[in-house]
């Protein structure tokens, strides 16, 4: 049981309204306001008169307790409505700036001088006037003129001159305008490829001879250079085969010749691969002279067979020209 704080009646503990005075009993009670200051370090409440924080122990500046206000009673002689009384009114600052006081010491020390104004105006006039004169050129108005100053010779105006042939007419004997047929283009491409294969075969023979002479008895630098030249020769042979494959034989006239050249190119490339591999073994061998017979066995055997097939086919190859029937 509890007592009603309003009328003093005894009510139940769980009652929210007093049955006697009907006052509400479930209102939150107001907590008393604590007096004192707070610690600037931890924020704990410091009692009045204490110089140290009770929680963290930090020194706190003691502040005197606020004094209660004193009510001033007006006397009979202090009536503001008295006609002879002079009252002091508060001053209101205006947002509009006041006029400059000529008695200001700053203005007396830094007065505006007319000479400076005239000098600035003269400088502006000189700069603007100089720019205008530079652009206009009044002393030489035709300095940048693009008009002709000398009279042109119009005595031959409209005369086209001597014309031997008119544009668009067929010009006889002009070899640069001759259009080649498809067979002529094919014949030219295959003939160039045939010549290139013969040149590459001769260079491959030279590489084999150099391998037998310097590949096993020369210096390391000579063997490295021979290997590099053999590898470059193999790339050129592959490019020649690609050129032969790119020749257009759509008409069917030179289809057999193209296949024969491709066969010779493949034989030449197989021989080149064997020779290039032999150069690599000779260049990397710790004792090239002892590995001579083993390395040259493939060159004298399989590579020699490819070389014989190529030379036999190359000597018996012929291609018929499309126009005059001449062969190469």
query = Does residue 298 satisfy the condition of being surrounded by fewer than 17 Cβ atoms within 10 Å (Cβ to Cβ), in contact with a helix residue (DSSP H, G or I) (Cβ under 8 Å, 6 or more places away or on another chain) and more than 30 Å from residue 187 (Cβ to Cβ)?
reply = yes
inquiry  = Can you say whether residue 269 is within 30 Å of residue 182 (Cα to Cα), surrounded by 15 or more Cβ atoms within 10 Å (Cβ to Cβ), without any contact (Cβ under 8 Å) to a residue 60 or more places away in the chain and in contact with a helix residue (DSSP H, G or I) (Cβ under 8 Å, 6 or more places away or on another chain), as far as the supplied structure shows?
reply    = yes
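Where a number appears in this text, it was derived from the coordinates with a stated rule and is not lab data. Given the structure is predicted, the values throughout are model-derived calculations rather than measurements. Heads up, the Cβs are rebuilt from the backbone with ideal geometry, glycines too, and the neighbour counts pull from every protein chain shown.
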